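Asker: Below you will find the structure I want to go over with you.
Here, each number is a calculation from the coordinates, and none is a lab measurement. Bear in mind the structure is a predicted one, so any value in this text is a computation, not a measurement. Cβ sites come from the backbone with ideal geometry, for glycine too, and all protein chains shown count toward neighbours.
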Amino acid sequence: GLPRLDAIAVVYALSFFDHREPMMRSISDALKPGGLLLVVDIPSEQVGEAMVGIDAEDVISLAGAAGLVRERENGVVPGHYALIFRKK
């Protein structure tokens with residue numbers, strides 16, 4: 001198989017995935033045990049006709065279902081969040 005990765009960053013992208021659950025499982029599968037996932041995004045909001053962003057709680061749920069544990073969170077940049085997960 002493909003080599004496993006130590007870390008993956010998904011920056012302002014997760015909210016655009018059409019199939020979030022399989023994508024999160026694929027990301028988790030690509031990580032080594034103990035590997036890190038960084039997700040940076042914005043909370044969901046209505047912009048015109050479209051919904052943009054993804055709520056942090058939804059990311060935490062998706063990651064947990066894919067075998068990732070929340071390590072820490074950073075909300076330094078107003079209106080954005082950064083979540084760090086570790087693969088079990």
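Asker: Apply the Karplus parameterisation 6.51 cos²θ - 1.76 cosθ + 1.60, with θ equal to phi minus 60°, to every residue of region 21-33 and state each ³J(HN,Hα) to the nearest whole Hz, in sequence, with x for glycine and proline.
Answerer: Couplings: 5, x, 5, 5, 4, 5, 4, 4, 4, 7, 8, 5, x Hz.
Asker: If you plug each phi of region 3-15 into the Karplus form 6.51 cos²θ - 1.76 cosθ + 1.60 with θ = phi - 60°, what whole-Hz ³J(HN,Hα) values come out, in order, with x for Gly and Pro?
Answerer: Calculated HN-Hα couplings, in order: x, 7, 9, 7, 7, 9, 10, 10, 10, 6, 10, 4, 5 Hz.
Asker: What share of the DSSP beta bridges in the chain is antiparallel, in percent to the nearest 5?
Answerer: The antiparallel fraction comes to roughly 70 percent.
Asker: Counting only residues 5 or more places away or on other chains, whose amide H sits under 5 Å from the amide H of residue 31 once H atoms are built in the peptide plane?
Answerer: Here 5 satisfy the definition.
Asker: Where the centroid of each part is defined by its Cα atoms, how far is region 1-49 from region 59-88 in Å?
Answerer: 10 Å
Asker: Which GluC sites (Glu not before Pro) from the chain combine a DSSP loop assignment with at most 15 other Cβ atoms within 10 Å?
Answerer: Filter output for the chain: 49.
Asker: Tell me, what is the percent relative contact order of the chain, built from C-alpha pairs under 8 Å that lie six or more residues apart?
Answerer: Value for the chain: 32 percent.
Asker: Pick from 58, 18, 41: which residue has the top mean-square fluctuation in a GNM of the chain where Cα pairs under 10 Å get a spring?
Answerer: Checking each option, the largest mean-square fluctuation is seen for 18.
Asker: Could you size up the charge dipole of region 24-88 around its Cα centre, putting +1 on the beta carbon of Lys and Arg and -1 on that of Asp and Glu, and report it in debye to the nearest 20? Don't jump to the answer; show the numbers that get you there.
Answerer: Numbers: 7 positive and 9 negative charges, 118 e Å.
Approximately 560 debye in magnitude.
Asker: Which Cα, out of 84, 59, 44, lies furthest along the positive dipole direction of the chain (beta carbon charges, K/R +1, D/E -1)?
Answerer: 84
Asker: Do the sum for the chain: with -39,500 (n - 2.57) for every DSSP H run of n ≥ 4, divided by all residues, what is the mean residue ellipticity at 222 nm, to the nearest 500 deg cm²/dmol?
Answerer: -7000 deg cm²/dmol
Asker: Viscosity 1.002 mPa s, temperature 20 °C: Stokes-Einstein D of region 39-78 from its Kirkwood Cα radius, in µm² per second?
Answerer: So the translational diffusion coefficient is about 188 µm²/s.
Asker: Give, in nm to one decimal, the length gained when the segment between residue 32 and residue 6 is fully stretched (0.36 nm per residue of separation minus the Cα-Cα distance).
Answerer: My answer for the length gained is 8.8 nm.
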